[in-house]
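Colleague: Here it is, the structure, as structure tokens.
The values are calculated or read from the model by the stated rules, or taken from the named source; none is laboratory data. Computed from a predicted model, the values in this text were never measured in an experiment. Cβ placement follows ideal geometry from the backbone for every residue including glycine, while neighbour counts extend to all protein chains displayed.
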Amino acid sequence: MSLKVWINGTLFDKAEARVSVYDHGLLYGDGVFEGLRSYGGKVFRLEDHIHRLYASARSIHLEIPMARDELGEAVVSTLKVNNLADGYIRLVVTRGAGSLGLDPRKTSDPQVIIITDSISLYPAELYEHGLKIVTAGTIRNHPAALNPRVKSLNYLNNILAKIEGTNAGCLEALMLNHQGHVAECTGDNIFVVMHGVVHTPSVDSGILEGITRQAVIDLARDTGLTVVERTMDRHDVYTADECFLTGTAAEVIPVIECDARPIGDGRPGPVTKDLHHRFHSLVRGEPLA
Ligand code: PMP
């Protein structure tokens, strides 16, 4: 059976799911999105993702033409239709079809799209052995230009950094902010562990406020660890005992090298492994084994 894609309340076969070439989402990256995951039939932090989607839309002056709980229900029912208990969900809202000019007032019909599928961001063995990253020359968007807190359809900033990473033989790239401080990776938030304390760039570092980031901060604090959200420099990454990334698609993945410097002893560390394990139990609603 072909996967069904939900667009504005109607289900289409994957091959038939389309938007207009005049859609400003396509023409200008004008829209917002979310990436969610379902584990065992339950969407992880659905309300938080819906909340962030509406906040992003509000920030770019885009009105989502449906109620939050309606959209949440549509996500759940699309997963059911596609028989996906463990799946990845992409929620997209475009500004809709308009003229070839920028003026959003000339658009009509925002397209609300729900795609449910599977995703594997990094090869499975990297969760065990860890990822190597490099710093991209492309800095994260200046918050006064396009605030990274807005999860907009315009991901060119991140894609340019990702290209730099892959050209350097790394699957992820570290992005700095306009002040040269550590922000995040192209699709994940970054954490380091130093002397048993967990550190991550604060929200004002120019990052997306990751939902996985918050879940991991809460998990770490629950285990008695101190978590500090602060301004961070690359020096903090280079000299850390451990480093890991968090994201809906990535979950929790260890980083073992940054800019050709091994982090700690160059292997995934105990805090990272423990948080990875706890995160898996949390998303599946299972007690720790
Ligand atoms: N930063 C960026 C730039 C992202 O695109 C994402 C989501 N892929 C994240 C961080 C992680 O956010 P979340 O945990 O909410 O998926």
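Colleague: Working only within segment 135-161, note down all residues that are hydroxyl-bearing (Ser, Thr, Tyr) and within 12 Å of the ligand (Cβ to nearest atom).
Modeller: Scanning segment 135-161 gives Ser152, Tyr155.
Colleague: Additional query: Tell me which residues, restricted to segment 258-272, are surrounded by 17 or more Cβ atoms within 10 Å (Cβ to Cβ) and over 30 Å from Phe33 (Cα atoms). Show your work before the answer.
Modeller: Taking segment 258-272 first, the residues surrounded by 17 or more Cβ atoms within 10 Å (Cβ to Cβ) are 258, 263-264, 268-269, 271-272.
Those that are surrounded by 17 or more Cβ atoms within 10 Å (Cβ to Cβ) and over 30 Å from Phe33 (Cα atoms): Ile263, Gly264, Pro268, Gly269, Val271.
Colleague: Can I ask one more? Would you confirm whether or not segment 124-134 contains a residue that is away from the ligand (no atom under 13 Å from the Cβ) and of a type in the set (Val, Ile, Thr)?
Modeller: Yes - at least one qualifying residue is present in segment 124-134.
Colleague: Also, I was wondering about something else. Given the conditions (1) surrounded by fewer than 15 Cβ atoms within 10 Å (Cβ to Cβ); (2) assigned by TED's automatic domain parsing to the domain that holds Ala17; (3) assigned to a loop (DSSP other than H, G, I, E, B); (4) not aromatic (Phe, Trp, Tyr), report the number of the one that Leu84 does not fulfil.
Modeller: So the condition that Leu84 fails would be (1).
Colleague: Quickly run through segment 101-156 and pick out the residues that are among the hydroxyl-bearing types (Ser, Thr, Tyr) and either in a loop (DSSP other than H, G, I, E, B) or within 30 Å of His277 (Cα to Cα) (or both). Before the answer, list the steps.
Modeller: Start the filter on segment 101-156 by keeping residues that are among the hydroxyl-bearing types (Ser, Thr, Tyr), which leaves 107-108, 116, 118, 120, 122, 127, 135, 138, 152, 155.
The answer is Thr107, Thr116, Ser118, Ser120, Tyr122, Tyr127, Thr135, Thr138, Tyr155.
Colleague: Now for a different question. Can you name the residue in segment 250-289 that is modelled with pLDDT of 95 or more and of a type in the set (Lys, Arg) and, of all such residues, is nearest to Glu172 (Cα to Cα)?
Modeller: Filtering segment 250-289 for residues that are modelled with pLDDT of 95 or more and of a type in the set (Lys, Arg), the one nearest to Glu172 (Cα to Cα) comes out as Arg261.
Colleague: Limited to segment 82-125, what total is found for residues that are modelled with pLDDT under 95 and aliphatic (A, V, I, L, M)?
Modeller: So the count comes out to 5.
Colleague: Can you tell me which residue within segment 112-144, out of those that are without any contact (Cβ under 8 Å) to a residue 60 or more places away in the chain and among the hydrophobic types (A, V, I, L, M, F, W, C), is farthest from Ser205 (Cα to Cα)? Walk me through how you get there before you give the answer.
Modeller: So in segment 112-144, the residues without any contact (Cβ under 8 Å) to a residue 60 or more places away in the chain come out as 118, 120, 123-125, 136-139, 144.
Next cut, among the hydrophobic types (A, V, I, L, M, F, W, C) only: 124, 136, 139, 144.
Details: Ala124: 30, Ala136: 16, Ile139: 12, Ala144: 12 Å.
Once the filter is applied, the top-ranked residue is Ala124.
Colleague: Go over the candidates Val203, Val192, Val198, Val227 one by one and state the one that is at pLDDT 95 or above, surrounded by fewer than 22 Cβ atoms within 10 Å (Cβ to Cβ), in the same structural domain as Pro148 (by TED's automatic domain parsing) and away from the ligand (no atom under 15 Å from the Cβ).
Modeller: Val227
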